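Inspection log for the structure reproduced underneath, given as structure tokens.
Read the figures in this text as sums done on the coordinates, not as results from a lab. Values in this document were obtained by computation on a predicted structure and should not be read as measured data. Virtual Cβ from ideal backbone geometry, glycine too; neighbours counted across all protein chains shown.
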Amino acid sequence: MSYDPIIAPSMLSADFGALDRDVEMVNRSRAGWFHLDIMDGTFVPNISFGFPVVKAIARNARKPMDAHLMIVHPEKYIKRFAEAGVEWLSVHYEACEDLGAVLSLIHECGMKAGVAICPETPASVLEGWLSKMDFVLVMSVHPGFGGQKFIEDSIAKVECVREMIAREGASCLIEVDGGVGADNIPALARAGVSAFVAGSSVFSAPDPEETIARFLSLAEGA
């Protein structure tokens, strides 16, 4: 199953002193989703933001919110993310003691369920699970901090995930997060990526709205 390309600006790179302005920029732009990176300081060595900021974004967001939980015990918070308006929710394979139960809970709460894998985690861990999820999030940097350099091996991992999806007859969308920009979007799109998370490459650009449009055109033209 093929999906139209989606650019998902990571709000972790937004200006939190002008959050409403940056939310409105994403609303106006050709972005498809708002990407929310949720970090707890335990699963990853950093803390990002919690429900007050998620709710502040949701208040004005006119596009779906895609939350990436880089936290331990994600099952404790799934219902709250659904109540906050999140539509796409990913949890880390490495953080789930009972992945099946977590995926079921995400679906029971009315959200699309995704599984994220760290750079050192082989794609093969997803074998047998793909039919139970809606998307796979391939981390192309080590989770925890924005602005990292893209890990080139991620392209081969995406191709592996795409082949597994086809082999299992699943219909997962593939998302990639970390170091995404103009220099790697075409190759990622050809490898099978549909959703591109872009943080610093968007928000530190002179014209973020134009950058989103350019990234989308690169993905569409690949």
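When Lys and Arg each count +1 and Asp and Glu each count -1, what net charge do the other residues less than 15 Å away from residue 60, Cβ to Cβ, add up to?
On the way: positive: 21, 28, 55, 59, 62, 63; negative: 15, 20, 22, 24.
Once positives and negatives cancel, what remains is +2.
Normalised by the number of residues in the range 1-103, what is the relative contact order in percent for Cα pairs under 8 Å and 6+ residues apart? Don't skip to the answer; put the middle values down first.
Details: 147 pairs, mean separation 24.8, N = 103.
Result for the range 1-103 is 24 percent.
At 222 nm, what helix-only mean residue ellipticity would the chain give, in deg cm²/dmol to the nearest 500, using -39500 (n - 2.57) for each DSSP H run of four or more?
On the way: 8 runs with 76 residues, N = 222.
The helix-only estimate for the chain comes to -10000 deg cm²/dmol at 222 nm.
Going through the range 48-135, which trypsin sites (Lys or Arg not before Pro) have at most 11 other Cβ atoms within 10 Å and a DSSP loop state?
Values: sites: 55, 59, 62, 76, 79, 80, 112, 132; in loops: 62.
Those that pass, being in a loop and sparsely packed, are 62.
Starting from the Cα of residue 76, draw a straight line to each of the aspartates and glutamates and keep only those under 19 Å, dropping any in the same chain fewer than 8 residues away.
37, 40, 66, 87, 94, 97, 98, 108
Need one number: nm distance between label points at residue 125 and residue 167, each 7 Å from Cα along Cα→Cβ, rounded to one decimal.
Roughly 1.8 nm, to one decimal.
Calculate, for residue 214 and residue 2, the FRET efficiency according to 1/(1 + (r/R0)^6) with r their C-beta to C-beta distance and R0 25 Å; round to the nearest 0.05. Kindly include the intermediate steps, with their values, before the conclusion.
Working: r = 22 Å, r/R0 = 0.87.
About 0.70, to the nearest 0.05.
Given q = 0.14, 0.17, 0.19, 0.21 Å⁻¹, what are the Debye log10 I(q)/I(0) values for the range 115-205, with equal point scatterers placed on the Cα positions and solvent ignored?
Values returned for q = 0.14, 0.17, 0.19, 0.21 Å⁻¹ are -0.45, -0.65, -0.80, -0.96.
Using Cα positions and a limit of under 26 Å, work out the lysines in reach of residue 79, with same-chain residues fewer than 8 apart set aside.
55, 63, 112, 132
If Lys and Arg each add +1 and Asp and Glu each add -1, what is the summed charge of the other residues whose beta carbon sits under 10 Å from the beta carbon of residue 90? Before the final figure, lay out the partial values.
On the way: positive: 112; negative: 66, 134, 175, 177.
Every neighbour counted, the sum reads -3.
For the range 42-81, count the residues as N, evaluate 2.2 N^0.38 Å, and divide the Cα radius of gyration by that value, please.
Working: Rg = 11.2 Å, N = 40, 2.2 N^0.38 = 8.9 Å.
Taking the Cα Rg and dividing by 2.2 N^0.38 Å, one obtains 1.26.
If you average the sequence gap of Cα pairs under 8 Å that are 6 or more apart and divide by the length of the chain, what percent do you get for the contact order?
On the way: 444 pairs, mean separation 49.7, N = 222.
It comes to 22 percent, rounded to a whole number.
Would you list, by chain and number, the aspartates and glutamates whose Cα falls below 14 Å from the Cα of residue 149, excluding same-chain residues fewer than 8 positions away?
Of all the aspartates and glutamates, those that pass the test against residue 149 - Cα under 14 Å, at least 8 places apart if same chain - are 177, 183.
Using DSSP, restrict attention to beta bridges with both residues in the chain and report what percent are antiparallel, rounded to the nearest 5. If you can, show how the numbers build up before the last one.
Values: 1 of 33 bridges.
If I count the DSSP bridges inside the chain, around 5 percent turn out antiparallel.
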